[in-house]
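Here the structure is laid out as structure tokens; the discussion comes afterwards.
Here, each number is a calculation from the coordinates, and none is a lab measurement. None of the values given here were measured: they were computed from a predicted structure. Neighbour counts are summed over all protein chains in view; Cβ atoms, including those assigned to glycine, are modelled from backbone coordinates with ideal geometry.
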Amino acid sequence: MPFTFESTRLPGVISIETKIFKDDRGFFTESYKQSDFLTAGITDPFVQDNFSFSVQGVLRGLHFQKEPYAQGKLVMVSKGEIYDVAVDIRKNAPTYGQWIGMTLSGENGRLLYIPAGFAHGFCVLSPEAYVTYKVTAEYNPALDRGIIWNDPDIGIVWPVEAPLLSAKDAGLPCLREVDSDFLFREP
């Protein structure tokens, strides 16, 4: 199997290591294989692929969509390096308001699966980064929501002090003020 799936301390958020085949021409890796992901318990179908280019210091997020267009995301970096973050926003979850962060890069080949019920964001650590993410629901602007990147109640330790933000991301509310309808369900 070209993937190693590892659970994180946030139930449902999965770190995925890919197998990279390198030689003097470059490298090859698989970034998604439905049968392997189904075996690992990632069963939601991916319906849209997104691609972003960002420069060093850019911070995107923390984003999510409400039901019925809630999105699970499979995040990977094809070039550069990011610090990727997931925040549990399921109101009755034991890990509500908790976050995890990890470095994803074109070099390490790591992916992060973030299910619906979590907010997602990242900041760019390299001069530039190409980030691709598959999502389990199409983008719906009417249900697009977010949480401010530096919410003191969440306390994310970002590796950037003065990030470059969009006007939209700079004006997002704190988690306690956010319009979210996610609830934790026992597996």
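Would you point out the residue of the range 64-81, among those that are outside any strand (DSSP E or B) and either out of contact with any Phe, Trp or Tyr (no Cβ under 9 Å at 6 or more places or on another chain) or in contact (Cβ under 8 Å) with a residue 60 or more places away in the chain (or both), that is surrounded by the fewest Cβ atoms within 10 Å (Cβ to Cβ)? Among those residues, the one meeting the criterion is 68. Just one of the listed residues (31, 105) is surrounded by 17 or more Cβ atoms within 10 Å (Cβ to Cβ) and touching a residue at least 24 places away in the same chain (Cβ under 8 Å), and it is 105.
With a requirement of 2 or more residues that are in contact with a helix residue (DSSP H, G or I) (Cβ under 9 Å, 6 or more places away or on another chain) and either under 22 Å from residue 11 (Cβ atoms) or aliphatic (A, V, I, L, M) (or both), the strands (runs of 3 or more DSSP E) lying completely within the range 103-185 that satisfy it span 118-124. For the range 140-149, the count of residues that are free of Cβ contacts under 8 Å to residues at least 12 places away in the same chain and either under 22 Å from residue 49 (Cα atoms) or among the small types (Gly, Ala, Ser) (or both) is nonzero.
Which of the residues spanning the range 5-21 are surrounded by 13 or more Cβ atoms within 10 Å (Cβ to Cβ) and in a strand (DSSP E or B)? Walk me through it before giving the result.
First, the residues of the range 5-21 that are surrounded by 13 or more Cβ atoms within 10 Å (Cβ to Cβ): 5, 8, 10-18, 20.
5, 14, 15, 16, 17, 18, 20, listed by residue number.
Only one of the numbered conditions (1) surrounded by fewer than 23 Cβ atoms within 10 Å (Cβ to Cβ); (2) over 18 Å from residue 177 (Cβ atoms) is not met by residue 112, and that is (1).
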